[in-house]
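Since the structure comes first, as structure tokens, the remarks are kept for the end.
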Amino acid sequence: MNKTKVRVGLVGTGYAAKQRAEALLKSEQAILVAIAGNKPENTADFAHEYTAENMSSWQELIKREDLDLIVIATINRDHGIIAHAALASGKHVIVEYPLALDLDVAQQLITLAKAQKKLLHVEHIELLGGLHQAIKQNLERLGHLFYVRYSTVNSQHPAPRKWTYQHQLFGFPLAGALSRLHRLTDLFGKVKTVNCHQRYWETAGDYFGTCFCTAQLCFASGLLAEVIYAKGEMLWVSERKFEIHGEKGGLIFDGDSGIFMQSGPIEPIELATRRGLFAQDMNMVLDHLLYDTPLYITPEESLYTLKVADAAQRAANTGLTIFLTEDL
Ligand code: NAP
Ligand code: BLA
């Protein structure tokens, strides 16, 4: 790009959008020009706080000809349709994961971005975080890996009446929370088979009160991974645990603390903070657009993980083991 500042339009006014806006405020390479939100009062407050123009809808935002880049930081259901419209109108796109809830839509977006010669970047900040970096640095010490357990359970009393507890808006749990699977595909490669069980407990209206999802992934390497993603009011204890077991040692992360275990003494492993990751992602994209520096993830990698999530959904719906052998 041959101009000094990337002109940005932002969709969303929640946590992720705020992190984006803060990063843009600090950046010399970009300017937040306009935003589109959901509830008018939230959008007005956000526009005021970041001195951005308040657009009445994402459709109006995307129509503007003075924007180079659209950042999509809104509910999962709308990622695909907004990304499509933005790419079709010639904008670069950053979208928070998941790229789309539907696998075919996600595939089409990658094709469209190529045809339009525009950047399509799917944020996967979990790859930038301390846990992932610590795992990468220590993985070789474990020898041949045979078992992984990754469990994120969020006990919430009462369950919030939020989009993250609405089927259509959040999507299938392991697609909506794609980072859970993406950590694994990034570390361990291709998946051969998937089993999954999924249950919701409903409350009044559109919302569920509890979601419990558990999947088993057999990787092409022979590694077995168990993933638990659960949230809501029927869960009595929260858990954030990542265990990796190898023939020569184990890595056990519990919350923000980690240890390396083998026959000798236990070694503590420090984790860097989870803060500042959206800003890192934002700055890498701006550098990429302006100076062609490399990015840390491709949309194809995110699409592959979405394939695994889609297989998990099919496994949960049918009770069958799903084979992903065409990608091996
Ligand atoms: P959030 O704080 O709950 O914000 C959600 C945004 O969506 C708000 O602007 C909200 O506007 C809007 N919204 C809510 N209900 C809506 C509806 N029915 N129709 C249209 N818009 C609606 O969520 P978030 O954590 O920022 O997540 C945004 C995206 O970032 C999600 O795709 C999420 O997966 C992704 N992400 C988030 C994180 C994180 O750390 N939070 C990390 C990675 C990826 P109102 O408040 O005005 O309703
Ligand atoms: C991911 N966090 C997410 C996602 C949502 C939230 C909707 C995407 C879906 C998912 O992967 O589950 C929402 N996270 C929240 C909310 C809180 C929270 C409402 O911690 C309330 C405190 N996100 C934050 C805060 C931090 C944070 C305060 O809102 C950390 C200081 C980090 N959230 C964070 C990270 C991810 C994430 C690093 C990526 C997922 C991962 O690490 O696997």
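Structure notes:
- Volume of the Cα convex hull of segment 6-123, divided per residue and given in Å³: 85
- Restricting attention to segment 100-232, close to 70% of DSSP beta bridges with both partner residues there are antiparallel.
- Cubic angstrom per residue, convex hull over Cα atoms of segment 131-187: 107
- Between helix 79-88 and the chain: long-axis angle, C-alpha atoms, 0 to 90°, nearest 10: 40
- The alpha-carbon atoms of segment 183-328, seen along their principal axes, cover 47, 47, 37 angstrom, with the largest extent given first.
- Note on Lys192: lysines with a C-alpha under 20 Å away, same-chain residues under 8 apart excluded, are Lys307.
- Ordering 237-245, 209-217, 297-305, 177-185 by mean Cβ neighbour count within 10 Å, with the highest value first, yields 177-185, 209-217, 297-305, 237-245.
- Listed pairs Lys5/Lys39; Lys114/Lys190; Lys5/Lys63; Lys26/Lys231; Lys18/Lys118; Lys26/Lys114 exceeding 26 Å between Cα atoms: Lys5/Lys39; Lys26/Lys231; Lys26/Lys114
- Within the chain, DSSP assigns beta bridges of which about 60% are antiparallel (rounded to the nearest 5).
- All-pairs alpha carbon distance profile, the chain, 10 Å steps from 0, percent: 6, 24, 33, 25, 11, 1, 0
- The chain, relative contact order [Cα under 8 Å, separation at least 6], %: 19
Values quoted throughout were computed directly from the atomic coordinates according to the rules given, and no laboratory measurement underlies them. From a predicted model like this one, the values you see are computed outputs, not experimental measurements. Cβ atoms come from the backbone with ideal geometry, glycine included; neighbour counts cover every protein chain shown.
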